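In what follows, a structure is listed as structure tokens, so that the remarks can point back to it.
The values are calculated or read from the model by the stated rules, or taken from the named source; none is laboratory data. Bear in mind the structure is a predicted one, so any value in this text is a computation, not a measurement. Note: ideal-geometry Cβ built from the backbone for every residue, glycine included; neighbour counts use all protein chains shown. In case anyone asks, the SASA skips ligands and DNA or RNA and just uses the protein heavy atoms, side chains included. Shrake-Rupley method; radii C 1.70, N 1.55, O 1.52, S 1.80 Å.
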Amino acid sequence: MKIPLSRPNLSPSAWEKVKACLDTAWISSAGPAVGEFESQMAQRLGSPYAVAVQSGTAALHLALRALNIQPGDQVALPNLGFIASANAVRYVGATPVLIDVDPVYWQLDTNLLKDYLKTPAGRKVKAVMVVHLLGYMGHLPALADLLRQYDIPLIEDAAEAVGSTYQGKALGTFGDIGVLSFNGNKILTTGGGGMALTRDESLAQRIRHLSQQAKSDPHAYWHDDLGYNYRMTNLAAALGLAQLEALPQALADHRSLYGLYQPFFDAKEMPGIFPDSLPNHWLVSGLVSQPDTLREQLAAVGIQTRRIFPAIHLQKCFREAPYIQQGNLSTYLSNHALSFPTFSGMTQEEQAYLKEKLSALL
């Protein structure tokens, strides 16, 4: 038996909705599915505005542009996460300031950020990007309070957190701008795509304008700013609408799989669950003493796993970035945390096989 790390579980209506695009020739960025997908996502997540784009990375780039982050500015973000977050900061010429993560939740350490903002260098921080690693959250309420004191905007990189909530409110809707990803391995996929969420109409208009090549005249090729072709296609949005129908079941499946893995780990070996939060458990992960050995052992019996993201300060293009840390926990986590197969539609036979092999190896 072979069990991949991730496998898309397409909604029964996916073929019907995508075929409708093909039948009507609405396959590019024009077409009714894009607006409908934005509307339904905004309603489902409780966001006044939603702008569908080409990828989560594109949405991060647009968020920084919309907030007018400039060369010479600093953007603080966690040192543990996918490199796209830091890349987007560099796209606008700003400097990423890497903040170590906390030991309980594996998320941005708010106390380290608080201390940094009090320093002369910290006065250059013009935005903070929190990343909901693996679909979980950290001290988001304290972070939001802190940034209000300094009048610093908050970007939520909720690329991995579609469906995660805090006190019943969707992650991605707490910051000035929230960003989602619909990549092929996400809980809700459009094959490739992303979305920016905001409660600010002017920010939504700015993001949409920039995503459409900053075209200032709908009938002529005049452009009033440096824009980008970041639009989502109608085909992708149609698939997203189908997957949105399946989202409740997908979330239930991921949460069930968390229950499958939980007995194999001590509570301190998994990301902590913040009080009153309900994570989506995008990729269930745990600390392992010898992750590479376990990876090889599981691969030998057909089970795919992967190490979580390397600490960003170790990446070649970010080795010179400021790194604020006390204990360098992000490096420890990236060296010991392993992600296990987590996807909607996993069969009972596959789950039984996982239990059997993990019981023998852990």
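Search the structure for amide H atoms under 5 Å from the amide H of Lys169, placed 1.01 Å from N in the peptide plane, and list their residues when 5 or more places away or on another chain.
none
Distance from a point 7 Å along Cα→Cβ of Leu226 to each backbone N in region 35-63: keep the residues under 14 Å and list them by number.
Counting backbone N atoms under 14 Å from the label point, the list is 61-62.
Taking a quarter of the surface of the convex hull around the Cα atoms of region 71-148, what do you get in nm²?
Mean shadow area of the hull around the Cα atoms is 4.9 nm².
Report, in debye and to the nearest 20, how large the dipole of region 1-148 comes out about its Cα centre when Lys and Arg carry +1 and Asp and Glu carry -1 on their Cβ.
Dipole size: approximately 200 debye.
Please find, in a Gaussian network model of the chain (springs between Cα atoms separated by less than 10 Å), the residue of Glu16, Glu349, Glu38 whose mean-square fluctuation is greatest.
Looking only at Glu16, Glu349, Glu38, the biggest GNM fluctuation is shown by Glu349.
How large is the convex hull of the C-alpha atoms of region 27-69 per residue, in Å³?
Given the Cα convex hull of region 27-69, per-residue volume reads 85 Å³.
Of the beta bridges DSSP finds with both residues in the chain, what % are antiparallel, to the nearest 5?
Percent antiparallel among DSSP bridges in the chain is about 55.
Going Cα to Cα from Lys124, which aspartates and glutamates come in below 13 Å? Please leave out same-chain ones fewer than 8 positions away.
Straight-distance partners of Lys124: Asp73, Asp151.
Kindly give Rg over Rh for region 144-284, based on alpha-carbon atoms, with the Kirkwood expression for the hydrodynamic radius.
1.05
For the modelled label position 7 Å from the Cα of Ala299 along Cα-to-Cβ, which residues of region 324-362 have backbone nitrogen atoms closer than 14 Å?
339
Rounded to the nearest 0.05, what FRET efficiency do Asp292 and Asn111 give with R0 = 30 Å and r taken as the Cβ-Cβ distance? Could you check?
0.40
Only residues of region 1-45 count here: report those whose backbone N is under 12 Å from the spot 7 Å along Cα→Cβ of Ala360, or say none.
What the label zone holds, given the 12 Å backbone N cut-off, is 1.
Where Rh is the Kirkwood radius over the Cα pairs of region 320-360, the temperature 10 °C and the viscosity 1.306 mPa s, what D in µm²/s does Stokes-Einstein return?
117
When the Cα centres of region 39-55 and region 332-362 are compared, how far apart do they sit, in Å?
Rounded to whole Å, the Cα centres lie 32 Å apart.
Which residue fluctuates the most in the chain, going by a Gaussian network model with Cα springs under 10 Å, if the choices are Leu60, Leu329, Leu80?
Leu329
Could you work out how far the C-alpha centroid of region 109-134 sits from that of region 291-306, in angstrom?
Here the answer is 36 Å between Cα centres.
From the protein chains alone at 1.4 Å, what is the descending order of accessible area for Ser181, Ser29, largest first?
I get Ser29, Ser181, largest accessible area first.
Based on a Kirkwood Rh over C-alpha pairs, give the Stokes-Einstein translational diffusion coefficient of the chain at 4 °C and viscosity 1.567 mPa s in µm²/s.
Diffusion coefficient, whole number: 62 µm²/s.
Need one value: the accessible area of Arg255 in square angstrom, 1.4 angstrom probe, rounded to the nearest 10.
Only protein atoms counted, so the area is about 70 Å².
Between Ala158, Ala76, Ala246, which gets the highest mean-square fluctuation from a Gaussian network model of the chain, Cα cutoff 10 Å?
Looking only at Ala158, Ala76, Ala246, the biggest GNM fluctuation is shown by Ala246.
Based on the Cα atoms of region 238-362, what semi-axes does the equivalent ellipsoid have, where each is the square root of 5 times one gyration tensor eigenvalue, given in whole Å with the largest first?
27, 21, 15
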